[in-house]
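Scroll down for the structure; my scribbles are underneath it.
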Amino acid sequence: MPLVIAHRGASAYAPENTLAAFELAHAQGADMLELDVQRSADGVLVVFHDTTTERWDGQPRPVDTCTLADLRCLDIAGATVPTLAEVCVFARESGILLNVELKQSDIVVPTVTLLRAYNLIDRTLVSAFSASALRKLSRVAPELSRGYLMGTRSYHPATRLRELWPFLALREIQATTWHPAIELPLLRQMLPRVRRAGYTVNVWTVDDPAVMRRLVAWGATGIITNKPDLARASLT
Ligand code: G3P
Ligand code: CA
């Protein structure tokens with residue numbers, strides 16, 4: 001059965017990356033929560049997507065220059081920014097799995113420390129676009145599942161090549177999982193091959209039930225979606 005992975009929680013219906021979105025995703029039957037993690041200026045791991053606060057307060061303040069108190073003042077469509085620790089508590093209480101996306105490459109050690117403190121290592125998949133973060137993760141916590149995110153808008157030849165032929169990159173960082181964007185060229189051809197090479201494959205971000213079913217037929221092991229209710233209804 002493919003995993004239903006709630007992208008920033010049930011973010012089609014509740015403010016993204018907030019406890020409200022995570023609780024709703026759980027209620028809608030998601031197996032796993034996808035969430036974006038960064039470190040605040042005072043060293044707290046927070047759940048927040050953008051590099052600045054501009055979308056929420058109109059000011060382009062980099063997240064890593066804001067304290068937790070600053071970030072807690074943001075109005076995230078009526079909700080507040082949670083800490084990663086708060087999401088860990090929810091994961092322990094609810095039993096839901098976590099997909100923690102590292103949005104900064106220098107937060108590997110504190111993230112692993114927190115996941116260990118909450119005894120969530122075997123219930124968490126850590127993903128990143130950054131090869132250096134994933135490489136470090138494989139050294140610091142080899143027992144943790146690692147997902148290599150691909151599908152940026154970069155036209156750098158090395159990036160394009162890696163996305164068309166992901167095997168070398170997946171092997172180099174000792175990934176367990178490939179996280180391709182649905183828009184990736186040749187996904188139809190590569191998905192079954194990557195599965196046959198022994199990796200799990202979770203595709204982002206898919207809200208159309210017909211596309212979800214097609215991806216599962218090609219071998220996808222998980223669907224990252226803003227609408228976990230639709231995924232649960234169409235994949236069971
Ligand atoms: O995990 C897939 C997806 O979340 C990566 O892109 O920008 O939504 O964090 P973004
Ligand atoms: Ca993300």
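Just so it is clear, none of the values below were taken in a lab; they were calculated from the coordinates. It should be emphasised that the depicted structure is a prediction, and the values quoted were computed from it without experimental measurement. Counting neighbours? That spans all protein chains shown, and the Cβs are built from the backbone with ideal geometry, glycine included.
Observations on the model:
- Placing dummy labels 7 Å off each Cα toward the beta-carbon, the span from Thr51 to Arg92 is 3.5 nm.
- In order along the range 195-202, the Karplus-derived 3J(HN,Hα) couplings, from 6.51 cos²θ - 1.76 cosθ + 1.60 at θ = phi - 60°, round to 4, 5, 6, x, 9, 7, 9, 10 Hz, and Gly and Pro are given as x.
- Put simply, when 51-58, 155-162, 93-100 are sorted by average Cβ atoms within 10 angstrom per residue, most first, you get 93-100, 51-58, 155-162.
- The shape of the range 11-160 comes out rounded: with a ≥ b ≥ c from the C-alpha gyration tensor, a/c is under 1.5.
- Length released on extending from Ala233 to Val140, taking residue separation times 0.36 nm less the Cα-Cα span: 29.7 nm
- Close amide-amide hydrogen proximity is noted between Arg8 and Glu34, Leu35, each under 5 Å apart and 5 or more residues distant or on a separate chain (H modeled in the peptide plane; Pro and chain starts excluded).
- Here is how the number arises for the chain: DSSP H runs of 4 or more residues each give -39500 (n - 2.57), the sum is divided by the residue count, and the result at 222 nm is -10500 deg cm²/dmol.
- Proxy reagent accessibility, fewest Cβ within 10 Å first, across Lys227, Lys136: Lys136, Lys227
- Residues in the range 113-129 carry Karplus couplings, in order, of 4, 5, 4, 5, 4, 9, 6, 10, 4, 7, 10, 10, 10, 9, 10, 6, 7 Hz; the curve used is 6.51 cos²θ - 1.76 cosθ + 1.60 with θ = phi - 60°, and Gly or Pro positions show x.
- For Leu125, distant residues with modelled amide H under 5 Å away: Leu98, Asn99, Val100
- Estimated from the Cβ-Cβ distance and a Förster radius of 45 angstrom, the FRET efficiency linking Asp208 and Glu172 is about 0.85.
- In order along the range 46-61, phi translates into HN-Hα couplings of 10, 9, 6, 8, 6, 7, 10, 8, 4, 4, 9, 10, x, 10, x, 8 Hz, rounded to whole numbers, per the Karplus curve 6.51 cos²θ - 1.76 cosθ + 1.60 with θ = phi - 60° and x for Gly and Pro.
- Leu3, Leu137 arranged by Cβ crowding within 10 Å, fewest neighbours leading: Leu3, Leu137
- Ranked list, fewest to most other Cβ atoms within 10 Å of each Cβ, for Cys66, Cys73, Cys88: Cys73, Cys88, Cys66
- Span from the the range 203-220 Cα centroid across to the the range 26-56 one, whole angstrom: 24
- Amide proton proximity set for Thr52, modelled H, under 5 Å, gap of 5+: Val63
- Modelled spin labels at Tyr155 and Ser105, positioned 7 Å past Cα toward Cβ, are 2.3 nm from each other.
- When the chain is treated as a GNM with alpha-carbon contacts under 10 Å, the residue of Ala12, Ala181, Ala217 showing the greatest mean-square fluctuation is Ala217.
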